[in-house]
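Every number here is computed from the coordinates shown, using simple stated rules; none is lab data. Keep in mind it's a predicted model, so treat the numbers as computed, not measured. Cβ placement follows ideal geometry from the backbone for every residue including glycine, while neighbour counts extend to all protein chains displayed.
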Amino acid sequence: MDFKEFWVNKRISNLGYAFVNFTSSVAAIRFYKRYHQFEWPVLKNKKICVVACAKTQGKEALKKSFKNKNFWCHSNECLPVILVPPCDGVKKSRLITVGKLAGQPKMKRN
């Protein structure tokens, strides 16, 4: 979510990114083939999925990098989560929030 757009213009604008740790290389390749360059049917603007390798690799490294990060969002629903147990597409997983809800940032007035 583009939090600046939310706080300044009161509009929700989805940037939509995710970090996914696959349980196998086969699953990662299957996901890439299905979703890389996938176009979502959004009326106002084109949303195209780009699948790429992240600079930070591994679940523990990602948890560490997000653990103390503040997110300028309006709801816990916008915070990063970890699925426990890892999602296999069948079993139900619990969502564990990572990061901290910071609320509205202080904006410069013009």
Review point. Is the shape of the stretch 31-110 rounded, prolate or oblate, going by the alpha carbon gyration tensor and its root eigenvalues a ≥ b ≥ c, with a/c under 1.5 for rounded and a/b larger than b/c for prolate?
Key: oblate
Check your understanding: Looking at the stretch 42-104, which chymotrypsin sites (Phe, Trp or Tyr not before Pro) are DSSP coil and have at most 11 other C-beta atoms within 10 Å of their C-beta?
Key -> none
Review point. How about the stretch 20-78: which trypsin sites (Lys or Arg not before Pro) there are in a DSSP loop, with at most 11 other Cβ atoms within 10 Å of their Cβ?
Key: K44, K46, K55
Practice item. May I ask for the net charge around V51, where only other residues with Cβ less than 15 Å from the Cβ of V51 are counted and Lys, Arg are +1 while Asp, Glu are -1? Key: +4
